[in-house]
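A quick write-up on the structure given underneath.
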Amino acid sequence: MTTHHRTTHHRTNRAAIDQWNTYPRAAMEAMEPEGDFAKRHLLNPVLFRLLGDVRGRRVLDAGCGQGYFSRLLADRGAHVTAVEPARALLDYAREKEAERRQGIRYVHAELGQPLAMEGEFDAVVCSMVLGTVPDWKPALRSCVRALRPGGLLVISLNHPAFEQLLSTWRTHGAYRIHRYLEEYEIPQTHAPDYHRPLSTYLNELAGLGCRLRELAEPGLSAAAARDAEPTTPGIESYTQLPNFAVIAASLE
Ligand SMILES: C[S@@+](CC[C@H](N)C(=O)[O-])C[C@H]1O[C@@H](n2cnc3c(N)ncnc32)[C@H](O)[C@@H]1O
């Protein structure tokens, strides 16, 4: 029975953030230094390609989690500010900053509330965040408002057409989806995800005055799939279908 997952409005942003606060420390540490397999092979390369040369640029990592991407940005010479509402994740990120002293400014804030940093950034990256936020439109607005005119917003999402990629591929040897157009909550181990059609995000961006620069749908290389197959059956699906959608848009 799935009817109780059909709307996105029965949970508040606060309630979702409370669940992120239960994220285990071991899982945060497992993401060091460059994220999990999917991040290393699929997301990070395309995020950095879309962001371009970040040296000397002011970049906001919106919903930074344990902060691995903020640290990679700082390694590449960006002036990084990072926003995160879940204390457990923010504390971990701040601990790393105390150790590494990269000059990353961590701010405790929720994107659903207006940020006190409008027009400040050359680029905003919001990676794997909007799909976890129940009331996501104000969060997207905060990201856009943080940009200077002409600034670049890079968003990554679980690709809404291929969310259950590995599990359905393992079961059926092909991808299957039967609910794309409606919005619904997808329960996860730690905090829920939300399914929304891709057009929902793109049209909201257009309404906020952003121009689409690129929609990337990264696929896994055959070599990486071959290496991972013994431990991750069905991983060849990632060479055929995109598990992530990455949007680059500029503020006109
Ligand atoms: C899947 S994690 C991604 C974290 C990080 N961007 C990364 O790529 O590793 C989702 C993050 O979004 C954060 N988040 C959830 N609701 C939020 C909100 N309303 N405003 C800002 N961040 C939020 C969570 O606390 C969590 O850190």
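The values are calculated or read from the model by the stated rules, or taken from the named source; none is laboratory data. Predicted, not measured: the structure shown is a model, and the values here were computed from it. All Cβ positions, glycine included, derive from the backbone under ideal geometry; neighbour counts span all protein chains shown.
Some notes on this structure:
- Among the residues listed as Leu42, Leu50, Leu73, the single one being touching a Pro at 6+ places or on another chain (Cβ under 6 Å) and within 30 Å of Thr232 (Cα to Cα): Leu42
- Residue list for segment 179-194, filter: surrounded by fewer than 13 Cβ atoms within 10 Å (Cβ to Cβ) and closer than 12 Å to Pro160 by Cα: Arg179, Tyr180, Leu181, Glu182
- Thr171 vs. criteria of a type in the set (Ser, Thr, Tyr) and crowded, with 21+ Cβ neighbours inside 10 Å: no
- Which listed residue is within 13 Å of the ligand (Cβ to nearest atom), acidic (Asp, Glu) and closer than 13 Å to Ser127 by Cα, from Asp18, Asp36, Asp61: Asp61
- Strands (runs of 3 or more DSSP E) (entirely within segment 135-252) containing at least 2 residues that are on the phi > 0 side of the Ramachandran plot: none
- Residue within segment 189-205 that is modelled with pLDDT under 95, among the hydrophobic types (A, V, I, L, M, F, W, C) and closer than 23 Å to Pro138 by Cα present: yes
- Residue selected from segment 20-71 under the condition in a helix (DSSP H, G or I) and aromatic (Phe, Trp, Tyr), by the criterion farthest from Cys143 (Cα to Cα): Phe37
- The residue pairs whose first member lies in segment 118-131 and is within 18 Å of Gly65 (Cβ to Cβ), whose second member is acidic (Asp, Glu) and near the ligand (Cβ under 7 Å from one of its atoms), and whose beta carbons are closer than 8 Å, counting only pairs six or more residues apart or on different chains, are Val125/Asp61; Ser127/Asp61.
- Residues being in contact with a Phe, Trp or Tyr (Cβ under 9 Å, 6 or more places away or on another chain), surrounded by fewer than 20 Cβ atoms within 10 Å (Cβ to Cβ), in a helix (DSSP H, G or I) and free of Cβ contacts under 8 Å to residues at least 40 places away in the same chain - total across segment 73-95: 1
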